[in-house]
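Engineer: Take this structure, written in structure tokens, and hold onto it; I'll ask about it next.
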Amino acid sequence: MNEQLINEIKTTLQKSKVTKLATISMQNEAAIKEVIDLTFHPEEKIAFRAAWILENIYENNPSNFVPFVAYFLDGFSKQNNLSARRHYSKILALLSKKNALPEIKEMLMNYDTEKLVETTFQWLIDEQVPVAIKSHCLNILANFTTIHPWIKEELLQTMDYLVDKESIAFFAKVKQIRKQLKA
């Protein structure tokens with residue numbers, strides 16, 4: 001499956017093909033792990049496209065993703081491809097939402113999320129990280145305040161610091177997160 005998938009994603013992908021590849025991967029449990037592994041491929045474009053497929057796997061059927069949540073979380077902090085990080089941060093933002101599947105919520109409650117929080121704060125303050133990733137980071141951190149109450153104050157201070165340094169889109173996201181935090 002791995003070689004076949006690599007061949008499929010070596011060329012430019014359209015959304016329809018990403019959806020098709022995600023659907024195919026969901027039919028074979030081992031394939032989901034392979035897609036996660038491909039997000040660390042040394043060829044940046046392959047890693048990015050695999051991450052895009054992974055995001056679609058989660059969005060299209062979160063219950064298929066459940067057996068791989070811990071594996072995904074274990075790799076989160078190791079993701080160095082900025083294009084793949086966009087999808088990784090979106091997936092973690094979705095995993096940590098209030099309306100996530102109960103099994104996922106329970107997994108997060110029992111997972112050592114400190115490293116995830118640390119990584120997310122690092123990505124948030126990194127000047128090289130694009131605003132789309134930072135936007136997802138804000139969601140992740142706001143979502144994790146239920147597990148780690150101390151994040152709220154730290155996040156508010158970090159947003160105050162970054163709001164003048166980032167784009168207007170970031171400013172809009174900060175307003176949304178402040179409302180979520182009721183601050």
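Engineer: Only one of Lys20, Lys45 is out of contact with any Lys or Arg (no Cβ under 6 Å at 6 or more places or on another chain), of a type in the set (Lys, Arg), within 23 Å of Ser89 (Cβ to Cβ) and modelled with pLDDT of 80 or more; which?
Structural biologist: Every option except Lys45 fails the conditions.
Engineer: Oh, and also: Any idea which of Ile133, Ile53 is under 16 Å from Lys33 (Cβ atoms), touching a Ser or Thr at 6+ places or on another chain (Cβ under 7 Å), buried (at least 20 other Cβ atoms within 10 Å of the Cβ) and free of Cβ contacts under 8 Å to residues at least 60 places away in the same chain?
Structural biologist: The match here is Ile53.
Engineer: Sticking with this structure for a sec: Please verify whether the range 150-164 includes one or more residues that are closer than 27 Å to Arg49 by Cβ and in a helix (DSSP H, G or I).
Structural biologist: No: the range 150-164 contains no residue that is closer than 27 Å to Arg49 by Cβ and in a helix (DSSP H, G or I).
Engineer: Residues that are out of contact with any Leu (no Cβ under 9 Å at 6 or more places or on another chain) and not hydrophobic (A, V, I, L, M, F, W, C): does the range 46-58 have at least one?
Structural biologist: Looking for residues that are out of contact with any Leu (no Cβ under 9 Å at 6 or more places or on another chain) and not hydrophobic (A, V, I, L, M, F, W, C), one finds none in the range 46-58, hence no.
Engineer: While we're looking at this one, here's another question. Applying the selection to the range 1-17, what residues are in a helix (DSSP H, G or I) and either under 20 Å from Ile91 (Cα atoms) or touching a residue at least 24 places away in the same chain (Cβ under 8 Å) (or both)?
Structural biologist: Across the range 1-17, the qualifying residues are Asn2, Leu5, Ile6, Ile9, Lys15, Ser16, Lys17.
Engineer: Quick one: is Lys134 modelled with pLDDT of 95 or more, assigned to a helix (DSSP H, G or I), basic (Lys, Arg) and under 17 Å from the mean Cα position of the chain (by Cα)?
Structural biologist: yes
Engineer: Here is a further query. Kindly indicate the residue of the range 1-49 that is among the aliphatic types (A, V, I, L, M) and under 19 Å from Ala70 (Cβ atoms) and also farthest from the chain's Cα centre (by Cα) among those meeting that condition.
Structural biologist: Ala30
Here's the yes/no breakdown for (1) part of a loop (DSSP other than H, G, I, E, B); (2) surrounded by 21 or more Cβ atoms within 10 Å (Cβ to Cβ); (3) out of contact with any strand residue (DSSP E or B) (no Cβ under 9 Å at 6 or more places or on another chain):
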site	(1), (2), (3)
Glu34	no, no, yes
Asp37	no, no, yes
Pro42	yes, no, yes
Leu92	no, yes, yes
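The values are calculated or read from the model by the stated rules, or taken from the named source; none is laboratory data. Predicted model only: the values in this text are computed from it and were never measured. Every residue, glycine as well, gets a Cβ built from its backbone with ideal geometry; the counts of neighbours run over all protein chains shown.
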